[in-house]
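Remarks on the structure that follows.
The values are calculated or read from the model by the stated rules, or taken from the named source; none is laboratory data. This one's a predicted model, so the numbers in the text were calculated from it and none came from an experiment. All Cβ positions, glycine included, derive from the backbone under ideal geometry; neighbour counts span all protein chains shown.
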Amino acid sequence: MDGGETPQDALCREILEELHIHLKPEELKYYTHITAPAFGEIEGTTMEQDCFLVEKEVSPVASAEIGELRYFSLEEYQRELDRAPGAVIILERMKADGFIE
């Protein structure tokens with residue numbers, strides 16, 4: 001987060017920079033918090049993440065640090081060789097809650 005930003009402000013800024021999606025903090029609906037081993041970091045490093053939902057149509061465009069966008073199911077992601085533990089946790093939770101198939 002940049003100085004003076006709330007977590008929601010920082011998330012909206014990052015989503016704009018990385019995906020060219022304009023969001024306002026009030027459009028974010030808190031979903032859940034996850035804790036997982038940090039992917040690609042030193043063994044034993046833990047990642048903490050608040051997750052939000054947005055209920056509006058968006059059209060993401062890869063930019064900045066994002067090289068490619070693609071959609072996949074939980075099952076497809078679980079077959080990947082490199083999987084971020086936090087991504088698996090949130091995808092499993094979203095599937096259990098009926099947000100994704």
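Each residue in the stretch 29-46 was checked for being of a type outside the set (S, T, N, Q), farther than 21 Å from ASP9 by Cα, in a strand (DSSP E or B) and out of contact with any Gly (no Cβ under 7 Å at 6 or more places or on another chain), and 1 pass. State whether the residues of the stretch 29-38 include one that is modelled with pLDDT under 95 and touching a Phe, Trp or Tyr at 6+ places or on another chain (Cβ under 9 Å). Checked against the condition, which is being modelled with pLDDT under 95 and touching a Phe, Trp or Tyr at 6+ places or on another chain (Cβ under 9 Å), the stretch 29-38 yields no hits at all. Every condition in (1) over 17 Å from GLU92 (Cβ atoms); (2) under 13 Å from the mean Cα position of the chain (by Cα); (3) not β-branched (Val, Ile, Thr) is met by MET47 except one, and the failing one is (1). Within the stretch 15-34, if we keep just the residues that are without any contact (Cβ under 8 Å) to a residue 24 or more places away in the chain and loosely packed, with under 14 Cβ neighbours inside 10 Å, the residue that is farthest from VAL58 (Cα to Cα) turns out to be HIS33. Within the stretch 47-96, the set of residues being basic (Lys, Arg) and free of Cβ contacts under 8 Å to residues at least 60 places away in the same chain comprises LYS56, ARG70, ARG79, ARG83, LYS95. Would you pick out the residues in the stretch 47-90 that are in a loop (DSSP other than H, G, I, E, B), within 24 Å of PRO37 (Cα to Cα) and among the hydroxyl-bearing types (Ser, Thr, Tyr)? Correct list: TYR71, SER73.
For the stretch 38-48, give me each residue that is farther than 19 Å from GLU65 by Cα and exposed (fewer than 14 other Cβ atoms within 10 Å of the Cβ).
Filtering the stretch 38-48 for residues farther than 19 Å from GLU65 by Cα gives 42-48.
Once the filter is applied, which keeps residues that are farther than 19 Å from GLU65 by Cα and exposed (fewer than 14 other Cβ atoms within 10 Å of the Cβ), the stretch 38-48 yields ILE42, GLU43, GLY44, THR45, THR46, GLU48.
Against the numbered list (1) under 16 Å from the mean Cα position of the chain (by Cα); (2) part of a loop (DSSP other than H, G, I, E, B); (3) surrounded by 13 or more Cβ atoms within 10 Å (Cβ to Cβ), GLU5 comes up short only at (1).
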